[in-house]
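Working notes for the structure below.
Derivation of every value follows stated rules applied to the coordinates shown; laboratory data play no part. Fair warning: this is a prediction, and the values are worked out from it, not measured in the lab.
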Amino acid sequence: MKNSTFATALPILTSIFFMSPTFANEKEPAYPPALISSLQAGNELNDFLGRADELLKRADPDGDGLDQADIDAEKARTRAQMRASVMAQWIIKDLNADDKVTVEEIIQSTRAGRMPQQAFVDRQVAEGMRMDTNGDGAIDIPEMLASVTVRYCGAQGVNPSEKLLALDPNKDGRLTSEELRAVATKLFRSLDTNGDGVISTTESQAGKTLIRTANSQRSGTRCPSLE
Ligand SMILES: [Ca+2]
Ligand SMILES: [Ca+2]
Ligand SMILES: [Ca+2]
Ligand SMILES: [Ca+2]
């Protein structure tokens with residue numbers, strides 16, 4: 001019954017697993033790469049469940065289960081960090097502290113103490129002046145902030161929390177610790193092919209094949225822009 005639920009809810013994601021010999025006859029959810037890669041050779045089920053708990057704790061800091069509100073809050077933090085980082089990169093060149101960065105200031109700041117190649121200085125100027133949308137020859141703070149394109153993705157180029165939430169077995173929009181543990185247990189058992197309760201090197205290799213397959217199928221979810 002559970003399998004048919006997955007098949008209905010995740011037709012595209014489940015198709016990934018038909019390509020994997022390990023899961024040839026099963027309809028599995030798309031396990032997030034972060035979950036699969038936390039499974040290591042020598043792990044017993046409890047090791048893996050501990051890692052699954054940590055993964056969820058990071059995505060669900062308020063501890064009431066992972067839901068869209070957690071994801072929105074994480075996106076908001078990501079956006080704020082990226083805006084701050086772009087501001088820091090450019091406002092540091094505002095040598096006369098008038099809240100604008102001119103071509104001359106970019107040149108002076110880039111050259112200071114470094115004796116860079118002219119081509120590098122030119123690239124800095126060109127990069128800065130791309131933000132000068134009102135064409136007055138200087139970048140002001142709104143222009144700097146308007147240039148920020150916030151992308152939200154993890155190390156594997158996908159949004160880890162959204163991948164995790166997509167596992168939600170009962171599809172009520174909240175992934176609880178119990179639900180993730182149940183999913184992780186199922187994954188562990190399916191990879192523990194000799195059933196000795198430990199993931200061997202060979203068995204963990206099968207997990208890595210899953211990651212590669214899942215990654216090659218992830219087009220469309222790659223690093224979406226928040227804007
Ligand atoms: Ca939460
Ligand atoms: Ca200035
Ligand atoms: Ca300007
Ligand atoms: Ca749920």
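Non-local amide H neighbours of Ile139 (under 5 Å, H modeled in plane, Pro and chain starts lacking H): which ones?
Long-range HN contacts for Ile139: Val101, Thr102.
Do any of Lys186/Lys208; Lys75/Lys208; Lys163/Lys208 go past 20 Å between their Cα atoms, and which?
Result: Lys75/Lys208 exceed 20 Å.
Rg and Dmax in Å for the stretch 70-146, alpha carbons only: what are they?
That works out to 14.2, 46 Å for Rg and Dmax.
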